Structures are given as C-alpha cells and as structure tokens.
Amino acid sequence: MIAYLNFVICQLPTFSPSFFQMMDPGGIANWSVTYVDWSEGKWHPRSYRAQDVTYDLLKNITSIDESLHVTSDEEKKLIIKPCMWNGMKRPCYLFGRKFFPDTLDSLIYIFSNYTKY
C-alpha cells in the first residue's frame, strides 16, 4: 500500500479518514472531520477571507459536537449524531475548508490566543 501511496497526491482531510476506514472500519467514527459551510446554497461552499476570521468563528466551529446529515432520497430526512471520541461527546472538526491564504495570519493569531483558555 505504501508503494501505491507514493504516487497519490491527496489532501490530509481526505486521505486520513479513508486510510483509517481501510485499516480499521469498526474503530473510527463515521463523520467528516472537515468543517465546510454550505449555508449559502451555492454550487461551492462558503470561502473565508481574512476579515471573516474572528474569535467567534473559531469558537462556533469548535463548539459543534453533532454531525448533521440530510439523506439523498426523496424523504430528505435529517439525521443528527453526536460526535463521540472514546465514549465522550467531543468537537467534530479537525480541519476547515475554503480558507483563503490571506486568512493565515489571523488564524495563527486567534488560534494561539484561543488555545490558552
């Protein structure tokens, strides 16, 4: 498998869950670890710029502890599952999607102060 992986270029948020699913399908949680904001109802998720990155944004993302899923059938049923880690309800997301490069300084500054508390 490692020989195969040498030829594949893949983002960590995509690769990690796929790899762990292959190695231990019963030992991982079945939800995405990447935060994506689809609330605008467009073809692509919301993109964040430097002015969008605030303490409140990070606090809101890290406080999400339930995974929401809408089924793709006609019923469009909403399924809500708690994000569990070692039997405890935990934040769902490790990664965020669609942050422009100009957000880096703001993210580093806020994150370094956010994690002190």
For the stretch 40-57, in residue order, the Karplus 3J(HN,Hα) values (coefficients 6.51, -1.76, 1.60; θ = phi - 60°; whole Hz; Gly and Pro = x) are 6, x, 9, 5, 10, x, 4, 9, 9, 10, 4, 5, 7, 7, 10, 4, 4, 4
Reduced to Cα centres, the span from the stretch 43-60 to the stretch 91-108 in Å works out to 8 Å
The ³J(HN,Hα) series, computed from each phi in the stretch 59-65 with the Karplus coefficients 6.51, -1.76 and 1.60 at θ = phi - 60°, rounded to the nearest Hz and given as x for glycine or proline, is 4, 5, 5, 6, 8, 6, 10
The answer for S67, listing residues at least 5 apart or on another chain whose modeled amide H is closer than 5 Å to its amide H, is K81, C83
For the stretch 15-22, Karplus-derived ³J(HN,Hα) couplings (6.51, -1.76, 1.60; θ = phi - 60°; whole Hz; x for glycine and proline) come out as 5, 4, x, 5, 4, 5, 4, 5
The residues V33, V53, sorted from fewest to most surrounding Cβ atoms within 10 Å, come out as V33, V53
Listed by chain and number, the residues whose amide H is under 5 Å from that of Y35, excluding neighbours fewer than 5 places away on the same chain and using placed H, are L94, F95, G96, R97
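Quick note: the coordinates plus some simple rules give every number you see, no bench work behind them. Note that the coordinates shown come from a computational prediction; the quantities given were computed from them, not determined experimentally. Positions of Cβ are generated from backbone atoms using ideal geometry, with glycine treated the same way; all protein chains shown enter the neighbour counts.
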